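The values are calculated or read from the model by the stated rules, or taken from the named source; none is laboratory data. Predicted, not measured: the structure shown is a model, and the values here were computed from it. Ideal geometry is used to build each Cβ from the backbone, glycine not excepted, and the neighbour counts take in all protein chains shown.
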Amino acid sequence: MLSGSRNDSNSVFPEVRIYAGPVRTMAYGIYTSAMKLQQLRFLLAVVENDLNITAAAEALFTSQPGVSKQIRLLEDELDLQILVRNGKRVEALTDAGRRVVEHASRILQETERIKSLADKRCEADHGMPGLKTSRTQPRLGTSD
(Lines give C-alpha, C1' and ligand atoms only; values in the text may rest on other atoms or scores of the structure.)
Protein backbone atom coordinates (compact mmCIF):
# COMPACT_ATOMS: atom_id res chain seq x y z
CA MET A 1 0.00 0.00 0.00
CA LEU A 2 1.30 3.43 -0.94
CA SER A 3 0.92 6.11 1.64
CA GLY A 4 1.67 9.79 1.54
CA SER A 5 0.74 10.77 5.06
CA ARG A 6 3.22 12.71 7.17
CA ASN A 7 2.94 10.31 10.07
CA ASP A 8 3.95 7.22 8.09
CA SER A 9 7.73 6.86 8.51
CA ASN A 10 7.89 4.25 5.73
CA SER A 11 6.14 6.47 3.24
CA VAL A 12 6.96 6.06 -0.45
CA PHE A 13 6.16 9.75 -0.95
CA PRO A 14 8.47 11.83 1.21
CA GLU A 15 7.20 15.07 2.66
CA VAL A 16 7.79 17.95 0.26
CA ARG A 17 8.44 21.38 1.68
CA ILE A 18 8.14 24.43 -0.49
CA TYR A 19 10.49 27.29 0.36
CA ALA A 20 9.35 30.68 -0.88
CA GLY A 21 12.23 32.76 0.50
CA PRO A 22 15.41 33.93 -1.23
CA VAL A 23 17.51 31.36 -3.07
CA ARG A 24 20.22 29.95 -0.85
CA THR A 25 23.47 28.51 -2.17
CA MET A 26 26.24 26.42 -0.67
CA ALA A 27 29.52 28.27 -0.10
CA TYR A 28 32.37 26.76 1.90
CA GLY A 29 30.01 24.16 3.34
CA ILE A 30 27.59 26.82 4.62
CA TYR A 31 24.26 27.77 3.09
CA THR A 32 24.27 31.46 2.28
CA SER A 33 21.90 33.81 0.53
CA ALA A 34 22.73 34.62 -3.04
CA MET A 35 23.15 38.40 -2.94
CA LYS A 36 23.84 39.71 -6.42
CA LEU A 37 25.79 42.73 -7.62
CA GLN A 38 22.81 43.48 -9.86
CA GLN A 39 20.66 44.05 -6.75
CA LEU A 40 23.20 46.56 -5.45
CA ARG A 41 23.34 48.32 -8.83
CA PHE A 42 19.55 48.55 -8.88
CA LEU A 43 19.48 49.98 -5.36
CA LEU A 44 22.09 52.63 -6.22
CA ALA A 45 20.19 53.54 -9.39
CA VAL A 46 17.03 54.12 -7.32
CA VAL A 47 18.96 56.37 -4.94
CA GLU A 48 20.63 58.23 -7.85
CA ASN A 49 17.16 58.84 -9.36
CA ASP A 50 15.73 60.46 -6.22
CA LEU A 51 14.04 57.21 -5.07
CA ASN A 52 12.07 57.03 -8.31
CA ILE A 53 12.01 53.34 -9.30
CA THR A 54 10.51 54.05 -12.72
CA ALA A 55 13.30 56.51 -13.57
CA ALA A 56 15.89 54.05 -12.22
CA ALA A 57 14.45 51.29 -14.42
CA GLU A 58 14.66 53.55 -17.47
CA ALA A 59 18.28 54.44 -16.65
CA LEU A 60 19.06 50.72 -16.30
CA PHE A 61 17.17 49.82 -19.50
CA THR A 62 14.99 47.36 -17.61
CA SER A 63 11.47 47.15 -16.24
CA GLN A 64 10.15 48.86 -13.12
CA PRO A 65 8.70 45.62 -11.68
CA GLY A 66 12.08 43.95 -12.14
CA VAL A 67 13.85 46.67 -10.17
CA SER A 68 11.23 46.56 -7.41
CA LYS A 69 11.47 42.79 -7.18
CA GLN A 70 15.27 42.75 -6.93
CA ILE A 71 15.26 45.36 -4.17
CA ARG A 72 12.62 43.40 -2.25
CA LEU A 73 14.69 40.23 -2.64
CA LEU A 74 17.69 42.11 -1.27
CA GLU A 75 15.63 43.33 1.68
CA ASP A 76 14.36 39.79 2.32
CA GLU A 77 17.85 38.39 2.08
CA LEU A 78 19.30 40.92 4.50
CA ASP A 79 16.21 40.72 6.69
CA LEU A 80 15.93 44.48 6.93
CA GLN A 81 13.94 47.26 5.36
CA ILE A 82 16.01 49.46 3.05
CA LEU A 83 13.29 51.70 1.62
CA VAL A 84 10.39 53.46 3.36
CA ARG A 85 7.31 52.83 1.23
CA ASN A 86 3.90 54.40 1.31
CA GLY A 87 1.77 52.20 -0.91
CA LYS A 88 3.60 52.01 -4.22
CA ARG A 89 5.59 55.18 -3.54
CA VAL A 90 9.12 55.16 -2.11
CA GLU A 91 9.50 58.01 0.35
CA ALA A 92 12.94 57.61 1.90
CA LEU A 93 15.83 55.37 2.85
CA THR A 94 15.80 53.84 6.30
CA ASP A 95 18.87 54.33 8.51
CA ALA A 96 19.91 50.77 7.71
CA GLY A 97 19.21 51.51 4.04
CA ARG A 98 21.65 54.43 4.10
CA ARG A 99 24.35 52.15 5.47
CA VAL A 100 23.58 49.49 2.85
CA VAL A 101 23.86 52.13 0.11
CA GLU A 102 27.25 53.29 1.46
CA HIS A 103 28.57 49.72 1.44
CA ALA A 104 27.01 48.94 -1.94
CA SER A 105 28.68 51.99 -3.44
CA ARG A 106 32.09 50.90 -2.15
CA ILE A 107 31.54 47.31 -3.33
CA LEU A 108 30.64 48.41 -6.85
CA GLN A 109 33.65 50.77 -6.95
CA GLU A 110 35.87 47.83 -6.01
CA THR A 111 34.36 45.65 -8.75
CA GLU A 112 35.24 48.37 -11.26
CA ARG A 113 38.82 48.39 -9.96
CA ILE A 114 38.98 44.62 -10.40
CA LYS A 115 37.70 44.94 -13.97
CA SER A 116 40.32 47.60 -14.70
CA LEU A 117 43.05 45.15 -13.65
CA ALA A 118 42.00 42.88 -16.51
CA ASP A 119 42.00 45.81 -18.94
CA LYS A 120 45.49 46.86 -17.83
CA ARG A 121 46.72 43.28 -18.18
CA CYS A 122 45.36 43.05 -21.71
CA GLU A 123 47.00 46.36 -22.59
CA ALA A 124 50.35 45.22 -21.17
CA ASP A 125 50.19 41.84 -22.94
CA HIS A 126 49.13 43.15 -26.34
CA GLY A 127 50.25 46.76 -26.37
CA MET A 128 46.74 48.00 -26.96
CA PRO A 129 43.57 48.62 -24.96
CA GLY A 130 41.46 45.53 -24.40
CA LEU A 131 38.45 44.75 -26.52
CA LYS A 132 35.72 42.80 -24.77
CA THR A 133 33.46 40.51 -26.75
CA SER A 134 30.93 37.82 -26.05
CA ARG A 135 31.23 34.25 -27.29
CA THR A 136 28.82 34.99 -30.12
CA GLN A 137 30.79 37.93 -31.48
CA PRO A 138 33.91 37.53 -33.61
CA ARG A 139 37.17 38.19 -31.82
CA LEU A 140 39.33 41.08 -32.98
CA GLY A 141 42.94 41.28 -31.98
CA THR A 142 46.50 41.77 -33.08
CA SER A 143 48.15 39.34 -35.45
CA ASP A 144 51.26 37.74 -34.03
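Before moving on, here are some points about what is shown:
- Test result for Val16, in contact with a helix residue (DSSP H, G or I) (Cβ under 9 Å, 6 or more places away or on another chain), at pLDDT below 90 and exposed (fewer than 11 other Cβ atoms within 10 Å of the Cβ): no
- Residues in segment 40-51 that are over 18 Å from Leu73 (Cα atoms) and either of a type in the set (Gly, Ala, Ser) or not in a helix (DSSP H, G or I) (or both) were compared, and the one that is farthest from the chain's Cα centre (by Cα) is Asp50.
- Matching entry among Met26, Met35, Met1 (being touching a Ser or Thr at 6+ places or on another chain (Cβ under 9 Å) and either among the aliphatic types (A, V, I, L, M) or modelled with pLDDT under 95 (or both)): Met26
- Condition check for Gln81: free of Cβ contacts under 8 Å to residues at least 24 places away in the same chain and not acidic (Asp, Glu): yes
- Among residues of segment 40-59 being free of Cβ contacts under 8 Å to residues at least 24 places away in the same chain and not hydrophobic (A, V, I, L, M, F, W, C), the one that is farthest from Leu80 (Cα to Cα) is Glu58.
- Considered as a group, the residues in segment 64-101 that are loosely packed, with under 13 Cβ neighbours inside 10 Å and within 18 Å of Lys36 (Cβ to Cβ) include one that is modelled with the lowest pLDDT, and that residue is Asp79.
- For segment 63-104, taking the residues that are under 12 Å from Val47 (Cβ atoms) and assigned to a strand (DSSP E or B), the one that is nearest to the chain's Cα centre (by Cα) is identified as Leu83.
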